[in-house]
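Accompanying notes for the structure given below.
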Amino acid sequence: MMTSKEVRLADYLQESRVLCDIAAGSKDEALDQLVGALHRELDGFDRAKALMAVRERERQAPTVLAAGLALPHARLSDLSQPALALATSRAGVDFEAVGEEPVHVIVLILTPKDDPGAYLRLMASLSKTLAEPHMIKRLTVATSAREAYGVLTEGPEKVEVRLNAASVMNSNPVTLDESDTLATAIQALCANRIMDIPIVDSDGDLRGVIAIEDLLGQSLPRHLLWMEDLSPIENFEPFAELLRKDSETKVADFMRDKYIAITPDVPAIQLAKIFLMEGTRQIQVTEGNRFLGVVDLDSFSSQIFWA
Amino acid sequence: MHGEDNGGAMTTKQLMRRMLLLLAISVGVGVAGSLFAGFTEKQVVASSVFLAIILGTLFFWTFRLSIAFLGLTVLIFTRSLDIEHFVASAELPVILFLVGMMIVVGSLRDLGFFTWVVQALISIPRMTGRKFIAATSIASALLACAVDEVTSIIFIATLIFQVCNRLKLNPTPYIIICVLCTNIGSAGTMMGNPVGIFIGTKAGLTFGDFFRWAFPIMLVALGSCVAVTLFWFRKELDLFDQRLKERVERRLSLVPKVVVPYKRGLAVLLFTLAFIASHHALEEALHLGKNSILLVAPLACAGAIMIFKRDRARHYVEREVDWWTLLFFMLLFAIAGTLEHTGVTKVIADGFVGACGDKPGILIPAVMATTAIGSAFVDNVIFVAAFSPVITALGETMPAMPLWWALLFGACFGGNITLIGSTANIVALGMLEKQSHVGVGFIQWLKIGALSAFVAMLIAWGMLTLMAPHMPA
């Protein structure tokens, strides 16, 4: 797994592939325009197939990386080298991501199938470049393709890419406060279809994690698990008491204060090892006690294997 | 008993240093025995190897079995022990008794017996912190009598962790209370501790003897231990009460209460206990050797269980039986037998009589104190295995039964003195560290551990002195 390399964005993105303030009523229309822009410039890949691959990837999980930013992507077998296209939209395009506002900056990444590291390098490079202060806003208000291109490439010519926790983490995950109730936690777990939620205090420090197993563990304590067969226990409503008191029980009573936390500079290869060896689904990223984000196994593996 | 030593994490240099120290001390003591006590060549080898085993458990607890294997090899090579004596001294019946009990315990867990006990403890009406901890510690002691101390503390500690987790309390004081009481309880029957069945076999004591002489002393000592520890940890118990009250006011229980089907598990336990308890009557009625039924009763029960739970039979034998420990015990008994075979224990017994005289009034506390102090730092099974031939030798000139009880109580109650004094201590503190990341300091334990052991041994000494004249010769 590649962990460090220098990437020059200008090698993959030309001004002619920047679409300024596109008129797109849906994400499919936006993706169609971006694929079209690349297809006009590059030979050797099938436009319809490329569009289908990008849409399919987007259908599986929206690629909204941060507020206002999406990085749709696909790996194509008939592409010889990586390519980027950028679109901006002042009105915004709905990418159908739960809890996200419309997207104003879309960067399409197409990479050759036989170069799986290319996507990761470009992704990490774009993440670093687009994370600059006000970058999304400046791109959104750009009045021409030249201006938008200039904004994107005004930084250092080469961006040193380190594929580490900072580049693959979700810096805006669902979190709860210690004083939140169990009812809020259950709502957050179920509505977002997630299994782990970090608990963060008002100072932004990580206090613990609540996982779906913690709720199960409260209902099925260890001494019940000693029995080989629990089927003779009838009329047992394991969640009855939990749910009866859910609006007054605090998540602090349930959360686990033992979790795996790493600093943002931990390389991706170490993350892979932690996922494999510790059998965890979520790794917390912290700086001291300060909570920065999470790396979830599913999104991590999507980025590694399914880009 | 032994240090919590992660042998796997030891560097080769550390290993070699400890190994050299072990060899130097054990050989040095053997040579000193030759120079000052007139040990023969075989006595020197036997005492050196036995000391190496003791030091091996202190220095290399995690691979003590390796030391035992090597020690046995040395004894065979030096002709201090032959295969015939090895087999005779390995106490196979005791090992099989323990195998049978471990299988029975495994089935009791499967059948929900321990779950039922835990449910019963958390369902105490009008519960308070003191009531809960007193009931739990007494239950732990009695459970140790019925099964064994390690099994008992594993289940009881799990309950304590659950309750303390709900109440957001540091479980350390409550775990210490329960462990101290468990060690006391382990002296009540011959199933409570491996030293119980070993002493029973060596001394020819029956289940009835234990119930008549040891159990009442254990009960009084247990009462003292509960009182002393509850007083010692009174502030922590006040906090327990306060947290419990707050939770009850919020109408939240400690753990979900369920009706556990316990009857089959209870029946298995009662049948096993009844079988063991009736061994003497059956042996007399059937003209069988003394304790022959006692030693096979758990095996018979285990056999029946394995037929009824055919799908779990292999699991019981492979996973529920602690083969590592039992193999160590077997070699340990054989090596301790060499001490007797070569006459080392006779020399020690003579020295003991020379120092303490042959008056039971002095020998009872002397044996108890020596065993307690030894068991506080060395595996009590090792100490009892080494000391039992001394009691046998002493018994040639005086009534041996009070001395056997003194040996039992010294070994079991002495386990309370230090945090490495018994396997139950090690297991419980290991669980505590794993669950709560809390460590207990040596001195922190020593203060309450030594106090509770001292009070319990005073009681045992007094009661044994009163009971000794009524014991059979």
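The values are calculated or read from the model by the stated rules, or taken from the named source; none is laboratory data. Computed from a predicted model, the values in this text were never measured in an experiment. For neighbour counting, all protein chains shown are included, and Cβ atoms are generated from backbone atoms with ideal geometry for every residue, glycine included.
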Please determine whether any residue of region B:130-140 is within 14 Å of chain A (Cβ to nearest Cβ), of a type outside the set (G, A, S) and surrounded by 22 or more Cβ atoms within 10 Å (Cβ to Cβ).
yes
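Just checking, how many residues over region A:268-282 are more than 17 Å from the chain's Cα centre (by Cα) and not hydroxyl-bearing (S, T, Y)?
Count: 8.
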Please determine, by comparing only the residues of region A:74-116 that are basic (K, R) and assigned to a strand (DSSP E or B), which one is nearest to A:G25 (Cα to Cα).
A:R90
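So which helices (runs of 4 or more DSSP H) stay within region B:250-323 end to end and still have 3 or more residues that are under 19 Å from B:L92 (Cα atoms)?
Answer list for region B:250-323: B:292-308.
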All but one of (1) of a type outside the set (D, E); (2) more than 15 Å from B:I382 (Cα to Cα); (3) in contact with a Lys or Arg (Cβ under 6 Å, 6 or more places away or on another chain) hold for B:V87, so report the exception by its number.
(3)
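Could you list, in sequence order, the residues of region A:161-199 that are in a strand (DSSP E or B) and within 30 Å of A:L9 (Cβ to Cβ)?
Taking region A:161-199 first, the residues in a strand (DSSP E or B) are A:161-162, A:164, A:170, A:176, A:181, A:196-199.
Once the filter is applied, which keeps residues that are in a strand (DSSP E or B) and within 30 Å of A:L9 (Cβ to Cβ), region A:161-199 yields A:V161, A:R162, A:N164, A:N170.
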Yes/no for B:A473 being farther than 27 Å from B:C178 by Cβ, of a type outside the set (D, E) and in contact (Cβ under 8 Å) with a residue 40 or more places away in the chain:
yes
Given the conditions (1) of a type in the set (A, V, I, L, M, F, W, C); (2) surrounded by 15 or more Cβ atoms within 10 Å (Cβ to Cβ); (3) assigned by TED's automatic domain parsing to the domain that holds B:T128, and given that B:L273 satisfies all but one, which numbered condition is not satisfied?
(3)
Residue selected from region B:281-308 under the condition of a type outside the set (A, V, I, L, M, F, W, C) and buried (at least 17 other Cβ atoms within 10 Å of the Cβ), by the criterion nearest to A:E228 (Cα to Cα)
B:P298
Of B:T73, B:T78, the only residue that is surrounded by fewer than 17 Cβ atoms within 10 Å (Cβ to Cβ), farther than 22 Å from B:D350 by Cβ, modelled with pLDDT under 90 and not charged (D, E, K, R) is B:T78
Could you please let me know if A:R40 is out of contact with any Lys or Arg (no Cβ under 8 Å at 6 or more places or on another chain), more than 18 Å from A:E58 (Cβ to Cβ) and not small (G, A, S)?
yes
Per the list (1) over 20 Å from B:K263 (Cα atoms); (2) crowded, with 24+ Cβ neighbours inside 10 Å; (3) within 14 Å of chain A (Cβ to nearest Cβ), residue check on B:P171 breaks on (2)
Could you list, ordered by first residue, the pairs with Cβ atoms under 7 Å in which the first is in region B:261-285 and within 30 Å of A:I233 (Cα to Cα) and in contact (Cβ under 8 Å) with a residue 24 or more places away in the chain and the second is polar (S, T, N, Q) and crowded, with 17+ Cβ neighbours inside 10 Å, at least 6 apart or interchain?
B:V268/B:S107
I need every pair where a residue in region B:148-164 that is touching a residue at least 40 places away in the same chain (Cβ under 8 Å) and more than 10 Å from chain A (Cβ to nearest Cβ) has its Cβ under 6 Å from the Cβ of a residue that is outside any helix (DSSP H, G or I) and polar (S, T, N, Q), sequence separation at least 6 or different chains.
B:E149/B:S186; B:E149/B:N193
Flag for B:V344 being at pLDDT 90 or above, within 24 Å of B:G33 (Cα to Cα) and surrounded by 24 or more Cβ atoms within 10 Å (Cβ to Cβ):
no
Within region B:61-81, residues being touching a His at 6+ places or on another chain (Cβ under 9 Å) and over 16 Å from B:G30 (Cα atoms) number 3
Hey, among B:S253, B:S278, which residue is surrounded by 12 or more Cβ atoms within 10 Å (Cβ to Cβ) and away from every other protein chain (no Cβ under 14 Å)?
B:S278
Residue pairs qualifying under the 6 Å Cβ cut-off, at least six apart or on distinct chains, with the first in region B:356-379 being in the same structural domain as B:L407 (by TED's automatic domain parsing) and the second being modelled with pLDDT under 80 and among the hydroxyl-bearing types (S, T, Y), are B:D379/B:T57
Residue list for region B:300-344, filter: more than 30 Å from B:V44 (Cβ to Cβ) and aliphatic (A, V, I, L, M)
B:A300, B:A302, B:A304, B:I305, B:M306, B:I307, B:A313, B:V317, B:V321
Scan of region A:167-181 for residues that are at pLDDT 85 or above and either touching a Ser or Thr at 6+ places or on another chain (Cβ under 6 Å) or among the aliphatic types (A, V, I, L, M) (or both), ordered by number:
A:M169, A:V174, A:L176, A:T181
Among the residues of region B:48-93, which ones are part of a helix (DSSP H, G or I) and small (G, A, S)?
B:S48, B:A52, B:G56, B:S66, B:A68, B:G71, B:A88, B:S89
Considering only residues that are surrounded by fewer than 18 Cβ atoms within 10 Å (Cβ to Cβ), at pLDDT 85 or above and more than 20 Å from A:T88 (Cβ to Cβ), which ones fall in region A:29-64?
A:D46, A:R47, A:A48, A:K49, A:M52, A:R55, A:E56
Any chance you could count how many residues in region A:200-235 are part of a strand (DSSP E or B) and either within 14 Å of chain B (Cβ to nearest Cβ) or surrounded by 15 or more Cβ atoms within 10 Å (Cβ to Cβ) (or both)?
7
Keeping to region A:214-228, report how many residues are without any contact (Cβ under 8 Å) to a residue 12 or more places away in the chain and among the acidic types (D, E).
1
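How many residues does region B:72-129 contain that are hydroxyl-bearing (S, T, Y) and within 14 Å of chain A (Cβ to nearest Cβ)? Don't jump to the end; show me each part of the working.
As a first pass, look at region B:72-129 and keep what is hydroxyl-bearing (S, T, Y): B:73, B:78, B:80, B:89, B:107, B:115, B:123, B:128.
This time we only want the ones that are within 14 Å of chain A (Cβ to nearest Cβ), so: B:107, B:115, B:123.
Counting residues in region B:72-129 that are hydroxyl-bearing (S, T, Y) and within 14 Å of chain A (Cβ to nearest Cβ) gives 3.
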Being assigned to a loop (DSSP other than H, G, I, E, B) and under 30 Å from B:L252 (Cα atoms) is the filter here; which residues of region B:168-217 pass it?
B:K168, B:L169, B:N170, B:P171
Which members of region B:233-247 meet the condition of being without any contact (Cβ under 8 Å) to a residue 60 or more places away in the chain and within 14 Å of chain A (Cβ to nearest Cβ)?
B:E246
Residues of region A:167-199 satisfying the condition of being farther than 28 Å from A:S127 by Cα, loosely packed, with under 15 Cβ neighbours inside 10 Å and of a type in the set (S, T, N, Q)
A:S179, A:Q187
Here is a list: B:L121, B:L111. Which entry is within 21 Å of B:P256 (Cα to Cα) and crowded, with 24+ Cβ neighbours inside 10 Å?
B:L111
